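To start, the structure itself, in structure tokens.
Every read-out reported here was derived from the displayed coordinates using simple, explicitly stated rules and does not represent laboratory data. In this text the structure is predicted, and so the values were computed from the model without any measurement. Here the Cβ is made from the backbone with ideal geometry for all residues, glycine too, and neighbour counts use every protein chain on show.
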Amino acid sequence: MKTHIKTVTAFFAILISANAFAQTLAQAKKYTDNEQYEKARGVFKLLIAKEPTNGDNYFYFGDLMLKMENLDSAKVLFQKGVDINATNALTHVGLARYYMYTGDAVKGQQEIAYAKNLVLVQAGKKGLDMAASRQAQINLEIAETETWATTPNFGDAVDMTIVSEKLDPKNPDVFLIRGDALYRKDPVNGTPAITSYYQAAKLDPKSCLANVRIGNLYANGKNMQSAISFYNVALKTDSTFAPAWRLKGEAQYSIQKFDSAQKSMATYLRLNDDPSARYRYCVFLYKCGNYSDAIIQGNLALSKDSSITVIYRIVGRCYVESKTPDPVKAIEYFNKFFVKQKISGAPVIIPQDFIDRGKAYSKNNQDSLAIVDYYKALQVDTSRKDIYFDVATSYYKMKKYDKAAEFYKKKIDLNPAGATISDWNAYGRALFLQKDYVNADLAFKKVTVMDPPNPIGWYWRGRVNQSTDPDIKSDSTRIFYETFFDLAIKDKEKNKKELITASKYLAGYHYVKKNFACSKAYFQFALELDPANVDVKKTLETDKDIKAATAADITTCRTPAAPGK
């Protein structure tokens, strides 16, 4: 009798233990959905300690690591799941997810094929008895993997949800994942996806996931008011679902409802104040251009968990892109980012990482280092030819004008029709400083044709012609400077430096032509702009012809019209 009682007690203990584990896995998944990653990680560690041979734990833990952008840990967990529980198809889906999210579609599809075969064999093999709901679960994880892969397979993803619907027709995840695949396949027409999301909401009225997804769909379409309305519906269903508050805050911020956005984000952080949440808030602020607050939030996240490597990237960008950049701080954070990334392998290095640090080096007048980083960016992605202008500008600052001109021209040649005034002006100045006056004049002529009211092109055509005609044998320089003068005088303060140069030349021109009245007028104008100019002041005070002249009205000293050169 005692033995019987012990057996019954042990049986119930096993049942209670199994139920506790099921609830714990469900809780870990709920924490993950709610972006409470630290809590989820803690539960998964406990689960694996208690159930070290359960492949599902490794799959969902690995998926959490992917969401946390910890790729190395994700791969380790997925691989361990396969090693420990190789007959569990979900473990192979995990490896597939890692490969397909990191760009290895071939290995990913191999693992998916293996997982599908395991399901097929186990579902039909006597004694294994794989439940229909379990088959559906694995198929849906495959569909999600194919939907969000770097090389998606939307057709198979949708097919897998159709198979899952037949196996488990009341599973709302079928329609959530199908909606994701349909929307990613055709983001222009969101109707099929919304229809699928509505079906998910109907099957599980207590879940807010479907309405959050519909809100995301509208947010992606820049319809923020509709997005907010669906986030509100979701929050009525579950006011503790932190991601809905974050997404609502982002939508509010994008339509300049700043107070409301701050309240939504404050609620998000109250519900979820782990380092990953602070990181997401940091990214949100960065995208909104609120760099100072993004830096604060990024550092708060790092104070809680310095292993979130990607934060160093975001804070570094903030220091570069701020209205008052701090290149030293930017370099410091990017250097930390590269060191930590080398150790962890995540996140993946992208060309922009080198470009941003290069810009920081350039702003800190370390252009030789900037160029090294720009070339590294091109090694990572040879298509990033948009950085030619930055490369050229660094060469220009280093007074390597031949290389500067080469890269400015490369930038122009990428898209001649789309080349800007800044492109042509920078190219012309690099040529000018090499004394390639013929090509420099052609470049500045292009500026005057593209934007005739812009004074800068006329000024530099004057500079070029002044250099090629030092003895004033032609009136070209005078005409270009006069055209510049008439345009630039509308904003004397902005164009002061160039106006002084033009005025001194025109004063000299009229002096050579013995038109002392106009010469004096230009000298006086130059002195008005630069009262400390010793040479101009001396000329006005000592030159007998200038002293004897009565200054003319400058407007009477103009040529009748500028040439169409």
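Observations on the model:
- Once the Cα atoms are used to define both axes, helix 132-148 deviates from the longest principal axis of the chain by about 10 degrees.
- Taking Cα centre as origin and charging only the Cβ of basic (Lys, Arg, +1) and acidic (Asp, Glu, -1) residues, the dipole magnitude of the range 384-451 rounds to 220 debye.
- Cα convex hull of the range 243-371 - mean projected area over all directions, nm²: 8.0 nm²
- Angstrom value of the Kirkwood radius, inverse mean 1/r, which spans all Cα pairs in the range 456-557: 13.5 Å
- Cα centroid separation - the range 268-304 against the range 414-469, whole Å: 45 Å
- Note, ³J(HN,Hα) from phi for the range 320-336, Karplus 6.51, -1.76, 1.60, rounded to Hz, x at Gly and Pro: 6, 8, 4, 4, 10, x, 10, x, 5, 5, 4, 4, 4, 6, 5, 4, 5
- When each of the peptides 487-498, 355-366, 282-293 is scored by the mean number of other C-beta atoms lying within 10 Å of its residues, the order from highest to lowest reads 355-366, 282-293, 487-498.
- For 229, 519, order by how many other beta-carbon atoms lie within 10 Å, fewest first: 229, 519
- Peptides 90-103, 254-267 ordered by average Cβ neighbours within 10 Å, highest first: 90-103, 254-267
- Protection proxy ranking of 457-466, 403-412, 213-222, 547-556, by the mean of other Cβ atoms within 10 Å over each peptide's residues and highest first, is 457-466, 403-412, 213-222, 547-556.
- Spacing of the two label points (7 Å from each Cα toward its C-beta) at residue 538 and residue 434, in nm: 3.6 nm
- Taking Cα atoms only, the orientation of helix 476-488 departs from the longest principal axis of the chain by about 60 degrees.
- Computed over the chain, the P(r) curve from all C-alpha pair distances, binned at 20 Å from the origin, holds 16, 37, 25, 15, 6, 1, 0 percent per bin.
- Across the alpha-carbon set of the range 384-451, the Rg to Rh ratio works out to 0.95, Rh being the Kirkwood radius.
- Based on DSSP H segments of at least four residues, each scored -39500 (n - 2.57), the chain has a per-residue ellipticity at 222 nm of -24500 deg cm²/dmol.
- Computed lengthening from residue 515 to residue 402, 0.36 nm per intervening residue step minus Cα-Cα distance: 36.6 nm
- Pairs from the table (222/410; 67/363; 304/342; 363/435; 397/492) lying more than 32 angstrom apart at Cα are 222/410; 67/363.
- Per residue, the average separation of C-alpha pairs within less than 8 Å and at least 6 apart gives the chain a relative contact order of 5 percent.
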